[in-house]
Amino acid sequence: MNTDKRKVVLIGTGMVGMSFAYALVNQGGICNELVLIDVNKERAMGEAMDLNHGLAFAKSNMRIYAGDYHDCKDADIIVIAAGVAQKEGETRLDLLQRNTEVFRSIITPVVKSGFDGIFLVATNPVDIMTRVTYELSRFGASRVIGTGTSLDTARLRYLLGDYFTVDPKNIHAYVMGEHGDSEFVPLSQVMFATKPVSSILEDDSNEYCLGDMEKIEEQVRTAAYKIIEAKRATYYGIGMAITRIVKAILGDENSVLTVSAKLCGEYNSKNVFIGVPCIIGRNGIKEIVELSLTDKEMEKFYASRDVLEENFNGINL
Ligand code: NAD
């Protein structure tokens with residue numbers, strides 16, 4: 001008997017969902033069963049066919065098929081990338097309410113199937129939709145995860161690596177807070193190898209300066225707007241971020257990733273789901289890593305938290 005079955009169900013086979021599926025197939029070895037579900041059944045079926053036809057070129061074999069909610073029962077992870085687009089003239093809150101209804105139509109049958117794994121949410125506004133998933137599923141908080149600021153953090157490391165001409169893997173830095181306009185970079189936590197970047201910036205003998213850091217932070221914050229302006233949507237980066245989180249869970253890696261997690265007193269906050277560095281392993285969020293932020297950084301954190309709290313309170317659950 002194969003005891004190493006790692007099964008992922010993807011709900012929402014649009015651009016984001018399928019970018020994730022494509023990265024999953026190409027990276028290989030992360031899971032061996034992938035189920036595609038979408039309200040548009042024909043689309044899910046076509047996507048499954050298309051991916052299956054590439055399997056001969058993939059690193060490892062996988063069972064890929066279009067399924068339904070019964071297939072969630074024995075899944076390890078449910079990835080949700082389903083959502084509706086903003087209509088002309090629609091407010092952000094109206095969109096939020098419509099996406100909440102979409103989530104109700106998803107979470108209810110998933111839970112009813114007997115699913116007992118981990119929810120990973122990518123749908124925007126991701127911090128709120130993750131909290132909606134938590135409220136609707138009534139799963140433990142460690143098993144309800146949002147992609148949070150994982151993509152923003154990758155963007156930050158890429159830009160810092162470029163600025164300091166060093167491999168982004170040797171830059172340690174996080175984007176924290178809402179995945180959105182109120183997110184921020186705690187500069188006190190940015191490390192070049194093990195050297196604090198703040199000390200590099202204070203050193204007048206080099207060309208690096210604080211103003212450039214602020215520009216990089218702004219570039220990270222506005223990256224999605226720029227990409228959407230140029231090509232209408234963003235999907236490859238988030239697809240790879242979802243793949244990274246799934247790999248950390250299924251591989252029981254205990255890796256630190258900035259996901260959207262429910263705070264239970266960390267950062268002097270409770271109940272809100274927000275992007276914070278977390279240790280991710282087989283059971284989801286093992287621990288929320290509490291960084292020693294400066295007073296100014298804590299102010300930014302509280303401001304971001306309050307935006308999320310206000311938005312969540314505006315929805316009719
Ligand atoms: P898309 O329109 O291409 O895909 C959405 C899919 O959801 C469609 O296939 C649609 O049929 C499906 N869907 C809608 N209602 C459904 C339901 N009730 N049940 C099942 N499936 C349903 O959109 P996209 O570009 O793939 O974006 C998906 C989501 O990801 C959006 O909310 C987007 O804002 C978000 N996103 C998040 C990040 C991030 O960093 N978290 C980055 C980019 C995009």
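The values are calculated or read from the model by the stated rules, or taken from the named source; none is laboratory data. Because the structure is a prediction, the values reported are computed rather than measured. Backbone-built Cβ (ideal geometry, glycine too); neighbour counts: all protein chains shown. Just so you know, the surface numbers come from the protein's heavy atoms only, side chains and all, with ligands and any DNA or RNA stripped out. Shrake-Rupley method; radii C 1.70, N 1.55, O 1.52, S 1.80 Å.
One table, with the values for the structure above:
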| item | result |
| --- | --- |
| The stretch 259-275, subset in contact with a strand residue (DSSP E or B) (Cβ under 8 Å, 6 or more places away or on another chain) and among the polar types (S, T, N, Q), residue surrounded by the fewest Cβ atoms within 10 Å (Cβ to Cβ) | 271 |
| Single match in 78, 30, 37 (criterion: more than 11 Å from the ligand (Cβ to nearest atom) and in contact with a strand residue (DSSP E or B) (Cβ under 6 Å, 6 or more places away or on another chain)) | 78 |
| Residues located in the stretch 81-120, provided they are small (Gly, Ala, Ser), within 12 Å of the ligand (Cβ to nearest atom) and out of contact with any Asp or Glu (no Cβ under 9 Å at 6 or more places or on another chain) | 81, 83, 85, 105 |
| Flag if residue 270 is of a type outside the set (Val, Ile, Thr), under 24 Å from residue 308 (Cα atoms) and without any contact (Cβ under 8 Å) to a residue 24 or more places away in the chain | yes |
| Any hit, the stretch 233-250, residues being at pLDDT below 95 and on the phi < 0 side of the Ramachandran plot | yes |
| Candidates 246, 256 - the one that is within 18 Å of residue 152 (Cα to Cα) and free of Cβ contacts under 8 Å to residues at least 40 places away in the same chain | 256 |
| Test: residue 69 is open to solvent by 20 Å² or more (accessible area, probe 1.4 Å), more than 22 Å from the chain's Cα centre (by Cα) and within 13 Å of the ligand (Cβ to nearest atom) | yes |
| Members of the stretch 1-27 found to be open to solvent by 40 Å² or more (accessible area, probe 1.4 Å) and within 11 Å of the ligand (Cβ to nearest atom), listed by number | 15 |
| Any hit, the stretch 161-170, residues being open to solvent by 10 Å² or more (accessible area, probe 1.4 Å), away from the ligand (no atom under 16 Å from the Cβ), assigned by TED's automatic domain parsing to the domain that holds residue 300 and acidic (Asp, Glu) | yes |
